Amino acid sequence: MTITITAFERSPDGGQGMARDMRVRWALEEVGQPYGVRLLSFKAMKEPAHLALHPFGQIPTYQEGDLALFESGAIVFHIAERHAGLLPDDANVRARAITWMFAALNTVEPPIVDREVAEYLEDETWYEQRLPFIDERIRKRLGELSGRLGNADWLDGAFSAGDLLMVTVLRRLEGSGILEEYPNLSAYVARGKARPAYKRAFVAQLAVFTAAPTA
């Protein structure tokens, strides 16, 4: 059965791999699964056909036969469980990799997204007042993560779905100057981006943006 995911028709990030379909693309590339992509405009994302797949009108979604999923973390987890390459065979190591998946999305990502929302949606005065507090929360999480990673290449032994999600979360700080304060985390993200599967996913997402007509 063909796997089909949804993605932005014209990504707000300029095709730089920040949109959450990147996580799903990367996972599918890691496990060697071909997939198709259905591109959506912002208008189409709020129409009944898409809302039947994603009740919150977002991307990505995942369809395979009669299975339809939404939420990038859940989709990556499904891919990792269904195909070898993203979750270890050992039960305890596997459980720890899944724990890192949740940590990436539930502990590390929220303050980073909060920073983005403040930057783009709040008025300048309010943003300037809130930014130091948001950055303090981010630095606390990065300090803890940096301490845990230490000099290791990956979070727990071999590369896993936990690393895949954590790298995509940390990438959201690129350009802020915060990630560079933690050299081992910067190197960790660079290792993730150097993986051939990541590069293939990035090129595929960028190609959508560069091929799209200018709004």
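The values are calculated or read from the model by the stated rules, or taken from the named source; none is laboratory data. Keep in mind that what you see is a predicted model, and the values were worked out from it rather than measured. Neighbour counts run over all protein chains shown; Cβ positions are idealised from the backbone, glycine included. Accessible surface areas use protein heavy atoms only, side chains included; no ligands, DNA or RNA. Shrake-Rupley method; radii C 1.70, N 1.55, O 1.52, S 1.80 Å.
Computed from backbone phi, the HN-Hα couplings of the stretch 155-164 come to 5, 7, x, 6, 4, 9, 4, x, 5, 4 Hz, rounded to whole numbers (Karplus: 6.51 cos²θ - 1.76 cosθ + 1.60, θ = phi - 60°; Gly and Pro given as x).
Ordering Met18, Gln205, Thr107 by Cα displacement along the dipole of the chain toward the positive end leaves Gln205 in first place; charges were set at the Cβ atoms of Lys, Arg (+1) and Asp, Glu (-1). Dipole size of the stretch 77-171 about its Cα centre, with +1 on Lys/Arg Cβ and -1 on Asp/Glu Cβ: approximately 380 debye, rounded to the nearest 20. Charge dipole of the stretch 1-121 (Cα centre as origin; +1 on each Lys and Arg Cβ, -1 on each Asp and Glu Cβ, all else neutral): 160 debye, rounded to the nearest 20. Candidate values [x] 12.6; [y] 16.8; [z] 15.5 were compared with mean projected area of the Cα convex hull in nm² computed on the shown model; the agreeing label is [x]. Each stretch of four or more DSSP H residues adds -39500 (n - 2.57); spread over every residue of the chain, this sum gives -17000 deg cm²/dmol at 222 nm. Between Ala84 and Asn151, the FRET efficiency estimated from the beta carbon spacing at R0 = 35 angstrom works out to 0.80. Charge dipole (Cα centre; +1 on Lys/Arg Cβ, -1 on Asp/Glu Cβ; no other charges) of the chain amounts to roughly 420 debye. Using bins of 5 Å that start at zero, the share of Cα-Cα pairs per bin across the stretch 31-148 amounts to 2, 9, 14, 14, 15, 17, 14, 10, 5, 1, 0, in whole %. Accessible area of the chain with a 1.4 Å probe: how many percent of it is carbon plus sulfur? Taking all protein chains in place, the chain shows 56 percent carbon and sulfur surface. A 1.4 Å probe run over the chain, with the rest of the protein chains in place, finds 50 Å² accessible per residue.
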